[in-house]
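What follows is a single structure, written as structure tokens, with notes after it.
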Amino acid sequence: MSAVEVRDLTLRAGGRLLLESASFTVAEGELVLLVGLSGSGKSLTLRLILDLLDRGDPAFEIAGEVRLFGEPAARAARRRAGIVFQDFALFDEWSARENLAFGRDHGRAAPEGREEDLDRLIEDFDLGTAGAVATLSGGMKQRCALARTLAFDPDLVVYDEPTSGLDPAMSAAVGARIRRATDDYGKTALVVTHDLAALADIADRIVLLDPTTRSFREVPAEEVGRVLAQLRDARPTEAEAGPRAPGSGARATELFVATGRALEAALRSAAALTAVVRWPRARWGLRYLLYYLRLGALGSALAYVGIAGFILGLIVTYFTFSFLPFKQYTEPLLIDRVVGAIGYALFRIMVPGMTAMLVAARSGAAVAADVGNRVYTRQTDAFRSFGVHPDRYLLGNLLWAHAIGMPVLVWVNWACARAASLVVFVAIHPEQSTWFWAAEMRRFLGGGGILPEGSAWVLGKSILSALGVAAIAYFQGMRPKDSGRDVATAVTRTIIWATLFVLLVQVVSAFLEFDPI
């Protein structure tokens, strides 16, 4: 049985015809190199084999069949194939060992795999001293990425440009490691590369993607270099021309597609709230929930909104009493009502509004940067390669983290605003007691229990604001990223749109919440 079978594949990307009725196979247990010039379609072929290419994307036109171990790639890729990414795509929030554990726990073995499996991989790939991913050298990251894929235990391991950017000595070492891992762990290997000098000797077969014929053809190792040199010198064909500018029809199609995706995103956000009961692995679901609680909803956000609340209470109380009309006459008569009005305004309007705006600015930016970085470094593709849709661990937990954290942030802001108001009031009116201030703060809030009247409105509009911020940040972060500038753009757009969303929620809720005059 063939491990990989690409049959009659036709592929267009951005108006370029890359492949036309092209076919090739990889037998079980083989190590095959797929080589070609840059831009010839090697990476797109790889993504098709791993079912990482969106067939519904209007930028691509795809026809033909891709099968893995006799099954359609769309069904088999998540279970039987793994990838070692060119830029590693390690989860940088976890340590090297935790990255391996993630691969193991989402593989075909028992949900909680044995620690002995990790110990063997760590020893085989010399990762005993590896700690946080950010501290690893390039070589250690590559070994960690390969070990993580092997921990997933796929039958097919695909390598995406494994020697890119390495010197000849390091490239030779990487090639030897790929050959050894293929033999020692009994895997089939497909290596997508243009570095024949380092990898030709390790291959059982070499398949060339020929852009002049838009097809795959097997060539002997000693001839591939000559063939590639001829292709570089060849005159560019129509297929190699740059992408055509979309016409009005294409732009209209893109508009409809974008609108449909926006609707799909809204439905996905609503459905993601049920993701807690759909975690692929409860252990990792809880870890990502705690991670996003710290990143977006709690952690330093508590001090952030607390300080802002204290400043808010101080300013409102001080300037309200400072600018009372005819202060010497009205203040003695209206002091109780003024304190009550301050409490009402703070609790019902200012505290929820300020907290939501702060969450839009701080948490929205943090989430957009986090998710955008995952897209840019292909961590989201790494999730998919382990059979996990990013929504299951990222979007669902982001929404729940914000829904859980927002009431806490509102309470912290309210408590600090009250504390500042009390400090200012006692400083201005030393003759009054703190008991008087506390009693009058709730004059217009009502409610005989712990929660004042209107708490449901405050929580409702606050949580809705937080969920909107999380969804906006996630979907801005998930847009394609080709550079760090794209990540920064996503952060900026998130702050703008999240702030506007929060303002809209606060305005609409104000009309619904309060009786018109």
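Overview of values
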quantity	calculated
Filtered residue count, region 445-465, keeping only those that are among the aliphatic types (A, V, I, L, M), in a helix (DSSP H, G or I) and surrounded by 16 or more Cβ atoms within 10 Å (Cβ to Cβ)	4
Conditions (1) part of a helix (DSSP H, G or I); (2) touching a Lys or Arg at 6+ places or on another chain (Cβ under 8 Å); (3) crowded, with 20+ Cβ neighbours inside 10 Å; (4) not small (Gly, Ala, Ser); number of the one not met by residue 79	(3)
Among (1) within 42 Å of the chain's Cα centre (by Cα); (2) open to solvent by less than 50 Å² (accessible area, probe 1.4 Å); (3) touching a residue at least 12 places away in the same chain (Cβ under 8 Å), the one test that residue 441 misses	(1)
Counted residues, region 372-407 - those being closer than 20 Å to residue 145 by Cα, in a helix (DSSP H, G or I), of a type in the set (A, V, I, L, M) and open to solvent by less than 10 Å² (accessible area, probe 1.4 Å)	1
Selection count where residues are within 17 Å of residue 416 (Cα to Cα) and of a type outside the set (Ser, Thr, Tyr), scope region 341-375	16
Test: residue in region 158-177 that is under 26 Å from residue 68 (Cβ atoms) and among the aliphatic types (A, V, I, L, M)	yes
Region 100-124, residues that are buried (at least 18 other Cβ atoms within 10 Å of the Cβ), part of a loop (DSSP other than H, G, I, E, B) and modelled with pLDDT under 90	107, 113
Selected residue [within 28 Å of residue 323 (Cα to Cα) and either in contact with a helix residue (DSSP H, G or I) (Cβ under 7 Å, 6 or more places away or on another chain) or aromatic (Phe, Trp, Tyr) (or both)] from 459, 503, 422, 467	422
Selected residue (criterion: nearest to residue 24 (Cα to Cα)) from residues of region 164-198 that are of a type in the set (Lys, Arg) and in contact (Cβ under 8 Å) with a residue 12 or more places away in the chain	187
Check on residue 221, open to solvent by less than 90 Å² (accessible area, probe 1.4 Å), within 23 Å of residue 6 (Cα to Cα) and either at pLDDT 85 or above or within 38 Å of the chain's Cα centre (by Cα) (or both)	no
Region 471-487 - residue that is assigned to a helix (DSSP H, G or I) and out of contact with any helix residue (DSSP H, G or I) (no Cβ under 6 Å at 6 or more places or on another chain) and, of those, surrounded by the fewest Cβ atoms within 10 Å (Cβ to Cβ)	485
Condition check for residue 468: open to solvent by less than 40 Å² (accessible area, probe 1.4 Å), small (Gly, Ala, Ser) and assigned to a helix (DSSP H, G or I)	yes
Test: residue in region 161-168 that is of a type in the set (Ser, Thr, Tyr), open to solvent by less than 40 Å² (accessible area, probe 1.4 Å) and closer than 24 Å to residue 382 by Cα	yes
Residue count for region 277-298, restricted to those that are under 17 Å from residue 360 (Cβ atoms) and either among the small types (Gly, Ala, Ser) or open to solvent by 60 Å² or more (accessible area, probe 1.4 Å) (or both)	2
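The values are calculated or read from the model by the stated rules, or taken from the named source; none is laboratory data. It should be emphasised that the depicted structure is a prediction, and the values quoted were computed from it without experimental measurement. Neighbour counts are summed over all protein chains in view; Cβ atoms, including those assigned to glycine, are modelled from backbone coordinates with ideal geometry. Only protein heavy atoms, including side chains, enter the accessible area calculation; ligands, DNA and RNA are left aside. Shrake-Rupley method; radii C 1.70, N 1.55, O 1.52, S 1.80 Å.
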